[in-house]
1. Let me check something: with ligands and nucleic acids excluded, how do Glu352, Glu303 order by accessible area (1.4 Å probe), largest to smallest?
2. Can you give the local net charge around Leu192? Use residues other than it whose beta-carbon is closer than 15 angstrom to its beta-carbon, Lys and Arg +1, Asp and Glu -1.
3. Given the range 245-290 reduced to its alpha-carbon atoms as identical point scatterers, what log10 I(q)/I(0) does the Debye formula return at q = 0.30 Å⁻¹?
4. So what's the convex hull volume per residue for the Cα atoms of the range 1-137, in Å³?
5. When only alpha-carbon atoms count, how far does the range 161-234 stretch along each of its three principal axes, as whole angstroms with the largest first?
6. Please provide three numbers in whole Å: the alpha-carbon extents of the chain along the principal axes, with the largest listed first.
7. Starting from the range 304-410, pick out the GluC sites (Glu not before Pro) whose DSSP state is loop and whose Cβ has at most 15 other Cβ atoms within 10 Å.
8. Starting from the exponent 0.38 and prefactor 2.2 Å, build the expected Rg for the range 126-278 from its residue count and divide its actual Cα Rg by it.
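The values are calculated or read from the model by the stated rules, or taken from the named source; none is laboratory data. Since we're looking at a predicted model, the values are computed, not measured. In this analysis, Cβ positions are derived from the backbone assuming ideal geometry, glycine residues included, and neighbour counts consider all displayed protein chains. The area values use the complete protein model at the heavy-atom level, side chains included, leaving out ligands, DNA and RNA. Shrake-Rupley method; radii C 1.70, N 1.55, O 1.52, S 1.80 Å.
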Amino acid sequence: MRNPWDQRLGIWYIAQDRPEQPAIVESPTGEVLTFGELAGRAHQLVHALRARGVGDGDVVAYALPNGVDIIVWQLATSEAGMRSLALNPALTSEEMWEIAQHAAAKAVVIHADYQDRAAMLGEQPNLVVRVMVDGSAPGFVDQDDLIADHPTTPPEGRAAGSLITYSSGTTGKPKGVWREQIPADPWALADLMKSFGHAFRFLPFEGTHLVTAGLSHGGCFGFAQGALNVGQSLAIHKRFDAEEALRAIERHRVTTAYMVPTQFVRLLHLPDEVRARHDTSSLQVVVHSAAPCPLETKRQMMEWWGPVIWETYGGMEGAATIAKPERWLEKPGTVGRAVRGVSVLILDDGGEPLPAGEIGQVYIRSDGPDWVYKDDPNLTDSVRRGDAFTIGDVGYLDDDGFLFICDRAKDMIIRGGVNIYPAEVEGTLSSHPAVRDVAVIGVPDAEWGEQVKAIVEVEPTVEASDALADELMAHCRAHLASFKCPRSVDFRAELPRTEAGKLYKRLLRDEYWEAAGRRV
């Protein structure tokens, strides 16, 4: 029997060899496309952009919601040697403008849903193309007019593009990761990317990939692209709705998905009768990343969906580890072992390696393309030790080389000289049925330096009260050492999170420290 990985794959070859293969089977607008149609749309955009003076190495920035368009724009840049920059639609117009200016964008694309940000975003000094999708704005060309009269045939002079990724700004000003571009044929490169699908068991031409997180986030888009490159179709949702996700899994017999831990929590909080109503037996691989996943949350997801929950650890700067479900069940809490071409190091404050079991700064050494923080050599140097870099986490390796992350170094609370890792406390609180979301931070304390505070978003059917706060603190004392437990609980209607599931802890910390007349 032929090995399915021996065949020619990658979206471009699939579009050529199997043009009628379904590529998008569900989207927010109701539009569905075959691989041939999807690739044709991307080719058409390449012709249109080149005709207006956008070419190799130029930056194309876009603020687009989940749907067909964001897929098409990224694919177009990836085969035309351009650098694509996905702007998080949750950003303000000022934040979008700052990032696009910093990246020196030459083309900008914005959806009518974000038309209020068009005027400022369109003022970039380097722009030669301004595009509006599903709407109109002064100075912007309609997307349909942009591509009119341009062919859907493959462009000549194909060249591999690259992604520019900016941090979400959860710990400070956004920073841009700028990678060197690989001189390669994008069609051959897409075929080589089947190794990504192989690593995560995304089987060729088998099933559908569910997209419920934001495609402007690199993790969500990366796995959607990985699915397309092995011939899986996409079912794209505009935003996450727990029960609708279950309906889609059953409706499309979804085999793979990418989610973030907050989505797992929302799913687990559905009533038992709702969860039991939907068949999820088609699921083979559900990958999560971007934020810590509480132990109990992951255990419950495994009990419900079976051993299909995978985890990957890394950042904008590069991937580091994979935790397969069977390994996680053997070593609960691990984020896995280093992937091929990567090594993980645990270093002390002086840069010396630490032995297994000792907590230190996590550093990554990778064979991948080199990168820098754009226009910030000091910041780039600050995260490097030799040829290794850190994304700011602390953790340890066990005797078998499996990595365990304790927390972000900047999030660590130091109470009376003792380190407390908020992720552990958040995991305990999230297991309480009244808690919908939670952030744990350190706040000023005259005696101890810092004290542990929990900020909680309760379930819609639960009333926040002093009695509930006492109950939550007692819940922590029953599961954690007393010095780790919150000394106070505040309630919020909603916690600030990115669409990738990361908490904007910086905003919360700033609020409490400024109120105390202290600077973080």
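1. Details: Glu352 105, Glu303 145 Å².
Sorted descending by solvent-accessible area, the residues read Glu303, Glu352.
2. Cβ neighbours under 15 Å give a net charge of -1.
3. The Cα Debye sum returns log10 ratios of -1.20.
4. Given the Cα convex hull of the range 1-137, per-residue volume reads 124 Å³.
5. 41, 33, 17
6. 70, 54, 48
7. Working: sites: Glu311, Glu317, Glu326, Glu330, Glu358; in loops: Glu317, Glu358.
Taking the range 304-410 and a limit of 15 other Cβ atoms within 10 Å, the loop GluC sites (Glu not before Pro) found are Glu358.
8. My calculation over the Cα atoms of the range 126-278 gives 1.28.
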